[in-house]
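J.: Structure below; questions to follow.
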Amino acid sequence: MKASLLLVLVCAAVLAAGTRTDTPKEPEALVKKVQEYAQKAVAMAKSAFTTVQESEVAQQARQWLSDNANLVKERLARLKEQLVELWKPTPAK
């Protein structure tokens, strides 16, 4: 998803730079504008992803996953104990 978003932004930057260039015979200016647009797009994408990662909802989701992972570990340990008890041989009478 990140790569496709970046690709779309770069393509848009190329198109925008092409339409804004006064003289099409200067490819250096076009390359410079595309690089500037790409750098801005990357900075904006990084900022957006950082904001999402640091959001309260993301922190709550990580805490919920952590709590439930511990619960699953406890239940698996209990199940293992029960299975061990089932496989113990019973004394013959």
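The values are calculated or read from the model by the stated rules, or taken from the named source; none is laboratory data. Please read all numbers here as calculations on a predicted model, not as lab measurements. Counting neighbours? That spans all protein chains shown, and the Cβs are built from the backbone with ideal geometry, glycine included. With ligands, DNA and RNA removed, areas are computed over all heavy atoms of the protein, side chains included. Shrake-Rupley method; radii C 1.70, N 1.55, O 1.52, S 1.80 Å.
J.: List the residue pairs whose Cβ atoms are under 7 Å apart, where the first residue sits in segment 18-39 and is more than 20 Å from residue 5 (Cβ to Cβ) and at pLDDT 60 or above, the second is among the hydroxyl-bearing types (Ser, Thr, Tyr) and open to solvent by less than 100 Å² (accessible area, probe 1.4 Å), and the two are 6 or more positions apart or on different chains.
T.: Short answer, once both residue conditions are applied: 29/21; 30/21.
J.: Right, another one. For segment 49-93, which residues satisfy the criterion of being open to solvent by 90 Å² or more (accessible area, probe 1.4 Å), among the charged types (D, E, K, R) and over 30 Å from residue 5 (Cα atoms)?
T.: Matches in segment 49-93: 73, 74, 75, 78, 80, 81, 85, 88, 93.
J.: Continuing with the same structure: Going by the conditions given, is residue 43 at pLDDT 70 or above and touching a Lys or Arg at 6+ places or on another chain (Cβ under 9 Å)?
T.: When the stated conditions are applied, residue 43 does not pass them.
J.: While we're here: Being part of a helix (DSSP H, G or I), in contact with a helix residue (DSSP H, G or I) (Cβ under 7 Å, 6 or more places away or on another chain) and within 24 Å of residue 16 (Cα to Cα), is that true of even one residue in segment 57-76?
T.: no
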